[in-house]
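Read the structure below first, then the notes.
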Amino acid sequence: MIERKTLLFVCWCFLFYSYVMFSLSLTDEYSVFVVPEDTIQVFSVSNATDTTVLIDRTGSEVKRRMYDANKLLQREEEWRIADDTKDMIFVSLTVYSYIPHSSVLDTCIIYSYETKQVETQLFTAAGLLERVVTAHYEGDVVTETTTDSITTFTYDEQSRIIDKKEELYVGSKHTKRQVYNYTDKSHKPDYVYYEDGKVRIKTVYSAENDYVQTSYFDEGYSVVVTYVDGTKVSETYLLNGRKIKT
């Protein structure tokens, strides 16, 4: 005899397949196929709206992606099937928009319904991430949000990041900043990390994998660590710039 769990699983698969087929019955054409790793995918095209929809399921996770006539991703939904297989939980929604008459991403908004968070990503004309705003909301519907953090990115002429600044508003306001400086001594940039305007970490390269990293603490304490070919060779403890331990 077939075990009860096996029978329930088979029934659920049939119900899921029926649900997908019903959802796609309003489109002009569709096809169903199975790909490796137990992923079921459903692909549909609507000639009426010039949209393309791709639905795939892996385990309890279901994703639906919608593309416009230019095959640009417009919307991505993530659902999770509950343990009792009776309900589908709307986990997140991502909405994309593009610079007019181009395929360059302009904004991306991510709604995370379980954590009640909203993340807004803004991009430069070159498609580089320029600004990220995270916020949260109360209740079950996104109406008004409270900003949690704002992160801004600055790039050089070669599209390399040179400055990343975070403003955090949870609790008391404070800032974090990372500054990068590119030299001909290493492919990796020199690096300075700030907290509320104070230098906390500084990394300076003298060769490709040779560098000195200094960590700064309160009350004048600091630690200088030297690396040669990526391996730590020395560590020195300082107080107000004077050596106290090696």
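The values are calculated or read from the model by the stated rules, or taken from the named source; none is laboratory data. It should be emphasised that the depicted structure is a prediction, and the values quoted were computed from it without experimental measurement. Positions of Cβ are generated from backbone atoms using ideal geometry, with glycine treated the same way; all protein chains shown enter the neighbour counts. Side chains are part of the model used for accessible areas, which takes the heavy atoms of the whole protein and leaves out ligands, DNA and RNA. Shrake-Rupley method; radii C 1.70, N 1.55, O 1.52, S 1.80 Å.
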Just going by the charge dipole of the range 134-237, with Lys and Arg at +1 and Asp and Glu at -1 on Cβ, which of Tyr237, Ser215, Thr146 is farthest out on the positive end? Tyr237
Residue separation between Val204 and Tyr155 times 0.36 nm, minus their alpha-carbon distance, gives in nm 15.7 nm
Any lysines whose Cα falls less than 19 Å from that of Lys245, other than same-chain ones fewer than 8 residues away, would be Lys232
11 Å cut-off, amide nitrogen to a point 7 angstrom out along His187 Cα→Cβ, residues in the range 215-232: none
Using protein chains only and a probe of 1.4 angstrom, how many square angstrom of Lys176 are accessible, to the nearest 10? 70
Pairs of lysines 8 or more apart, or on different chains, with alpha carbons under 18 Å: count those in the range 133-212, would you? 14
Using only the alpha carbons of the range 111-230, determine the length spanned along each of the three principal axes and report them from longest to shortest in whole angstroms. 54, 41, 23
Round to the nearest 0.05 the FRET efficiency obtained for Asp196 and Glu144 when R0 = 25 Å and r is the Cβ-Cβ distance. 0.30
Got a sec? Which residues in the range 173-203 would a label at Asp163 touch, if it sits 7 Å along Cα→Cβ and we count backbone N under 11 Å? 178-180
Select from Val225, Tyr113, Val192 the residue farthest towards the positive end of the dipole of the range 93-238; place +1 on Cβ of Lys and Arg, -1 on Cβ of Asp and Glu, and compute about the Cα centre. Val225
Using the Karplus equation 6.51 cos²θ - 1.76 cosθ + 1.60 (θ = phi - 60°), what ³J(HN,Hα) coupling, rounded to whole Hz, does each residue of the range 223-239 give in order, writing x for Gly and Pro? 10, 10, 10, 9, 10, 10, 6, x, 10, 5, 10, 7, 8, 10, 9, 10, 10
How large is the accessible surface of Asp50 in square angstrom, using a 1.4 angstrom probe and rounding to the nearest 10? 90
Treating the beta-carbon of each Lys and Arg as +1 and of each Asp and Glu as -1, no other charges, what is the dipole magnitude of the range 112-198 about its Cα centre, to the nearest 20 debye? 380
